[in-house]
Amino acid sequence: MSDPRDNVRTGWSAWAWAIRRDRKASIGAALLLFFAALALIGPWFTGDPDALVGVPLQAPSAAHWLGTTAQGQDVFAQLVVGTRISLAIGFGVGLFVVLLGALVGVTAGYFGGKVDALLSLVFNVFLVIPGLPLAIVIAAYLPSGPLTLALVLVVTGWAWNARVLRAQTLAYRNRDFVSAAIVTGESSARIIVREILPAMSSLLLAQVIGSTIYAIGAQVGLEFLGLGDVSRVTWGTNLYWAQNDSALLTGAWWTFAPTGLAVALVGFALSLLNSGFDEITNPRLEMERAWRRELRRTGQVPGESTPVVRG
């Protein structure tokens, strides 16, 4: 009898091979691995980011690679240490936003009727209220801190995922594989977990990536406005203190540019990974890539008049 874990290893190996093969996914994964390594092991080598180690507003030099802040703190140390909390909140919120959205959306779509009407009313109310203003209001009245920001972002960001997953569940609810599971006497929870959710794995993965981009951007934005714990070192508080110290007016670009670039690179990496996963999981795109590879191998150049084979 085969070990079910062999299928898991085969699945992970297949994904790893597909990521290495797709240029967008491989670049995105490499960038994310770099920032993950920076977050995990970087703080061990940079020292205390709050320590006053140099002359205030010193430009980048051999002693301080990214210069110093208006208080004389090392910008590089603050960037590296801030990566850990910012990425932890971003990926944590991205995961919980999709989990909550899946719980509500899939339940509404599968059971239908009054359950669907009630749950749809709940997430439609959240969709009507603009997310960022709601997050600002909630964050302003709660104790500051990373967990508070994470809670605010989950509360204000789950509804769109729930709506999308409800629509997808409605499309799957009457499919043959779901009907067969019902006929065999499987429970509703088992059908949702074993039949419907695996069928939406590509969509769920795309939602996690998209929600992570939203979470990192929203967290940095809220902390830039001073709604986080400004005593903690994160990407958002780095930008907050740079703005508070009038970095733009004084020309101290090194106090905010590295953090802004890090945020942009992480968002870019996640976008590349999302686009790569879409190409990997979309059979039509795979057929077109195979067709183009064959044309290149035979020395032909695909032009506008060349028909594209689509499945």
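Only the coordinates and a few stated rules stand behind these numbers; no lab work does. What you see is a predicted model, and the numbers here were worked out from it, not measured in a lab. Positions of Cβ are generated from backbone atoms using ideal geometry, with glycine treated the same way; all protein chains shown enter the neighbour counts.
Using only the alpha-carbon atoms of the chain as identical scatterers, what base-10 log of I(q)/I(0) does the Debye formula give at q = 0.07, 0.12, 0.16 Å⁻¹?
For the chain, the Cα-only Debye profile gives -0.39, -0.96, -1.27.
Enter the angle in degrees (range 0 to 90, nearest 10) between the Cα long axis of helix 23-41 and the first principal axis of the Cα atoms of the chain, meaning the one along which they spread out most.
50 degrees
Just THR212, THR259, THR148 to compare: in a GNM of the chain, with alpha carbon springs under 10 Å, which one fluctuates most?
THR148
Taking only C-alpha pairs under 8 Å that are 6+ residues apart, what is the relative contact order of the chain in percent? Each step should come with its number before you reach the end.
Details: 396 pairs, mean separation 74.7, N = 311.
The normalised contact order for the chain reaches 24 percent.
Pick from ALA215, ALA39, ALA171 the residue whose mean-square fluctuation is largest in a GNM of the chain, springs joining Cα atoms under 10 Å.
ALA171
Report the rotationally averaged projected area of segment 94-152 based on its alpha-carbon convex hull, in square nanometres. Intermediate values should be presented prior to the final figure.
Numbers: hull surface 18.1 nm².
In nm², the orientation-averaged hull projection of segment 94-152 is 4.5.
When only alpha-carbon atoms are used, what values of Rg and Dmax, in angstrom, describe segment 59-134?
Reported Rg and Dmax, both Å: 21.8, 67.
Going by how many other Cβ atoms sit within 10 Å of their own, how do ILE27, ILE213 line up, fewest first?
Starting with the residue having the fewest Cβ neighbours, the order is ILE27, ILE213.
Stick to the Cα atoms of segment 47-180, pair each with every other, and give me the Kirkwood hydrodynamic radius in Å at one decimal. Kindly include the intermediate steps, with their values, before the conclusion.
On the way: mean 1/r = 0.0556 Å⁻¹.
Result for segment 47-180, one decimal place: 18.0 Å.
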